[in-house]
1. Taking the condition outside any loop (DSSP other than H, G, I, E, B), aliphatic (A, V, I, L, M), within 29 Å of residue B:24 (Cβ to Cβ) and modelled with pLDDT of 85 or more, does residue A:135 pass?
2. Residue check: is residue A:140 away from chain B (no Cβ under 11 Å), part of a helix (DSSP H, G or I) and on the phi < 0 side of the Ramachandran plot?
3. Give segment A:305-338 a look and list any residue that's closer than 17 Å to residue A:172 by Cβ, of a type in the set (Gly, Ala, Ser) and surrounded by 17 or more Cβ atoms within 10 Å (Cβ to Cβ), or say none.
4. Just to check your reading of the model, which residue among A:182, A:145, A:161 is within 30 Å of residue A:73 (Cα to Cα), at pLDDT 85 or above and either open to solvent by less than 30 Å² (accessible area, probe 1.4 Å) or in contact with a Phe, Trp or Tyr (Cβ under 8 Å, 6 or more places away or on another chain) (or both)?
5. When the residues of segment B:36-62 are narrowed to those that are exposed (fewer than 15 other Cβ atoms within 10 Å of the Cβ) and of a type in the set (Val, Ile, Thr), which ends up farthest from the chain's Cα centre (by Cα)?
6. When segment B:98-109 is examined, which residues are found to be within 14 Å of residue A:332 (Cβ to Cβ) and either open to solvent by 30 Å² or more (accessible area, probe 1.4 Å) or not in a helix (DSSP H, G or I) (or both)?
7. Only one of A:12, A:18, A:72, A:64 is without any contact (Cβ under 8 Å) to a residue 12 or more places away in the chain, at the interface with another protein chain (Cβ under 10 Å from one of its Cβ atoms) and touching a helix residue (DSSP H, G or I) at 6+ places or on another chain (Cβ under 8 Å); which?
Amino acid sequence: MAESLVFIIVSLIKSVVLVSLIMVSVMIGVYLERRILGFIQLRYGPNRCGPYGILQSVADGIKLFCKQDITLPVTEKTIYILAPLIAGVTALFPFVAIPFADKIAPDTITLFGKVFDLTKYSLNRGVIADLPGGVLFILAVSSLSVYGVLLAGWSSDNKYSFLGAMRVASQMLSYELFLGISIMGVLMITGSIRMTEIVEAQKHMWFVVYQPLGFILYMIAGFAEACRTPFDLIECENELGSGFNTEYSSMKFALFYLAEYIHIITISAIAVTLFLGGWQGPWLPSGIWFIIKVACLFIFFIWVRGTYPRVRFDQLMSVGWKYLFPIAMANLIATGICVLFL
Amino acid sequence: MNVYYIPVLLYLLLIVVMMGSILFISSLVGKKPLTDIQKIPYECGLDPAGPKEAYVPIKFYVIAMLFIVFDIEVVFFYPWLIVYKDLGIVGFIEMVIFFTVLLIGLFYVIKKGALKWE
């Protein structure tokens, strides 16, 4: 009884710490994006709130909280209200299985004169749930995020929102396929789909060295999954107004915004775990290495946004199905030959 | 039940409560009556024209069907990947045959013009 209580409390503490870290990093990420885009486009970006404008995200948050909360008289009111909730929750959910640090607690703790073993079920490690089928779980859960967007666009009784939602559904579905295939090379080398084992298998060499093509394909698919430039067709403002979130305001809109940035962080975190050695690195503590690597990939996302124009929808679809799908397959077969004969 | 999934449920509960309370608090803080002009769908300041429901090209449904077909086939790979090193050359050849069938299917789809957007 006491043991399960410790289990629940430790997991809850880890969850709270992780969620607050993600929230803070989203705030920093929004600020960084505006600042770096300003730098790329030869303008200032936010520089009024606090030193160098670092309090801009806080100010935006407070502003969004106090805005008028518009609930339109739509046909499906429940879905209209629940859609931002679904978007936020499904964006945060995959993080439960991503290992973000090695050991964050001692092996045993003593409470009220009793010794509890924390090594059981990986309680002392930096992962909330060390699932045996971690990769499958993450793929399954992250594909749920299409629901939030699709339901939002469909329920807001607006033609442009609906078109944006249809686009995002077909885009995310198509690119999910390549995302799944592009990480298969890594799973083949490791022979495991448990996230912690994949990280530990990269002790001597990162998998990006063995799987360069797989990494590139994963990043392309990741850009499409997170709906970022050059694939941000859901909020193509010259065609669709603002896409699926046109009819949302206040915190409902903010949750979609939040979900978009959490999505980028999730894609980066999965890339770091599968290809870039996870939390491993010399000298610094493991959690710090994880944050540094994720931050680098996040800045890469921003850099691409500041550099590339948006693609057309038919280009997006034909590139995905006609080129990326066969290339990912060929990559998998080549990996198979290498694993077998080398 | 697998013990590993208890933290998953706790985490899910935590984030649902958090997101729900954010929405609830903001609906309390920002409650103001709607004006008439706010009630109509936003179409760049113009009055909404045409029927309420948008017509959607059939292509989107084709993509969704293709996704179901290919994604189910891709899911078959995962068990194969895990035991790949034990299967050896036999497993490899069998999977190459499976790949070929899959690629022939993709080829057929492309030739039929299912992915053509005009």
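The values are calculated or read from the model by the stated rules, or taken from the named source; none is laboratory data. Predicted model only: the values in this text are computed from it and were never measured. Here Cβ is always computed from backbone atoms with ideal geometry, including for glycine, and neighbour counts include all displayed protein chains. These accessible areas exclude ligands, DNA and RNA; they are computed on the full protein's heavy atoms, side chains included. Shrake-Rupley method; radii C 1.70, N 1.55, O 1.52, S 1.80 Å.
1. no
2. no
3. A:320, A:328
4. From the options A:182, A:145, A:161, the qualifying one is A:145.
5. Residue satisfying both the conditions and the ranking: B:37.
6. Within segment B:98-109, B:98, B:100, B:103 meet the criteria.
7. A:12
Yes/no per residue for (1) in contact with a strand residue (DSSP E or B) (Cβ under 8 Å, 6 or more places away or on another chain); (2) of a type in the set (Asp, Glu); (3) open to solvent by 10 Å² or more (accessible area, probe 1.4 Å):
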position: A:168; (1), (2), (3): no, no, no
position: A:174; (1), (2), (3): no, no, no
position: A:177; (1), (2), (3): no, no, no
position: A:221; (1), (2), (3): no, no, no
position: A:225; (1), (2), (3): no, yes, no
position: A:229; (1), (2), (3): no, no, yes
